[in-house]
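No lab work stands behind these numbers, since they all come straight from the coordinates. Bear in mind the structure is a predicted one, so any value in this text is a computation, not a measurement. Note that each Cβ is placed from the backbone with ideal geometry, even for glycine, and that neighbours are counted across all protein chains shown.
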Amino acid sequence: MKTRILSLIAGSLFASGAANAASLEVKVTNLTQGIYFTPILVTAHTSDAMLFNTGEKASDALQAMAEGGSLDGLSEILTGISANTVTNPAGGLLAPVASTMATLETSDGNDRLSIVAMMLPTNDGFIGLNSWKIPTEAGTYHVYLNAYDAGTEANNELIVDGSGAPGTLGIPASPGEAPGTQGSGVTNTETNQMVHIHRGNLGDDEATGGKSDLHNTVHRWLNPVAKVTVTVK
């Protein structure tokens, strides 16, 4: 049975079938029209570590990343299990259609690749690559990422100053095109409180009022939302 990363790992770094150390170049491309990615976390870790599991409750560290873009909790845990990690390769937000590159030197046994970053403007949406097996053969590989919902906050689609901290309802920022104002809120509750595929922003076409502060012609998306190009050397 796989143990989630937040339970901490109780297993050998040199488990059977673990890959040798490798040099990786990891390129992340934002495929959306109007969604920005907060600082990205790219990490290589053992096969019994997971940043998240769909259909399960989000950890506190994942919640902090998905609601406010904070990588502190995840980074601390990854350091504790000797993962090879790069944070914020873009030096800030990754804009629509833009790309960023991270270089990883992996240790023996760290043969799985994971990537996360919050999506703005969303309440608790994030891009996710979860424990992808790093190929042992040199070459270039492409992976497309879906948008996930952490299930920790209602998708009310309202821009609220000071939100972003766990437990504070609202979207912390809307980069790019100016958001609407004075929306009434799409919803205040969510039935699915587990990590799941994000339903997407709804938005509306009203600059003032309406249900959402987001634009239905700018802030909506279809999966996949990101492309990852991994070069194994």
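When the pairs LYS27/LYS233; LYS27/LYS57; LYS133/LYS227 are compared against a 24 Å limit on Cα-Cα distance, LYS27/LYS57 fall above it. With the simple spin-label model, which puts each label point 7 Å out from Cα in the Cβ direction, the ASN223 to THR87 separation comes to 2.8 nm. Using the Cβ-Cβ distance between GLU177 and THR79 with R0 set to 41 Å, the FRET efficiency works out to roughly 0.65.
Treat the count of other C-beta atoms within 10 Å as a stand-in for reagent exposure and order ASP60, ASP204 from fewest to most.
Neighbour counts put them in this order, fewest first: ASP60, ASP204.
FRET efficiency for the TYR141 to GLN33 pair, using the beta carbon distance and R₀ = 22 Å, is estimated at 0.30. Computed about the Cα centre, the dipole magnitude for the chain is approximately 620 debye when only Lys and Arg (+1) and Asp and Glu (-1) carry charge, each at its Cβ.
With R₀ set to 45 Å, the beta-carbon distance separating SER184 from LYS233 gives a calculated FRET efficiency near 0.30. Kirkwood Rh over Cα pairs of region 20-233 into Stokes-Einstein at 25 °C, 0.890 mPa s: D in µm²/s? Estimated via Stokes-Einstein, D reaches 142 µm²/s.
Spacing of the modelled spin labels on ASN192 and VAL160, each 7 Å from Cα toward Cβ, amounts to 2.2 nm. Measuring between their Cα centroids, region 128-143 and region 50-74 lie 22 Å from each other. In the chain, which longest range has no GluC sites (Glu not before Pro) that are both DSSP loop (not H, G, I, E or B) and surrounded by at most 15 other Cβ atoms within 10 Å? Here the longest segment lacking exposed loop sites spans 57-136. Reducing region 204-233 and region 25-46 to their Cα centroids gives an inter-centroid distance of 14 Å.
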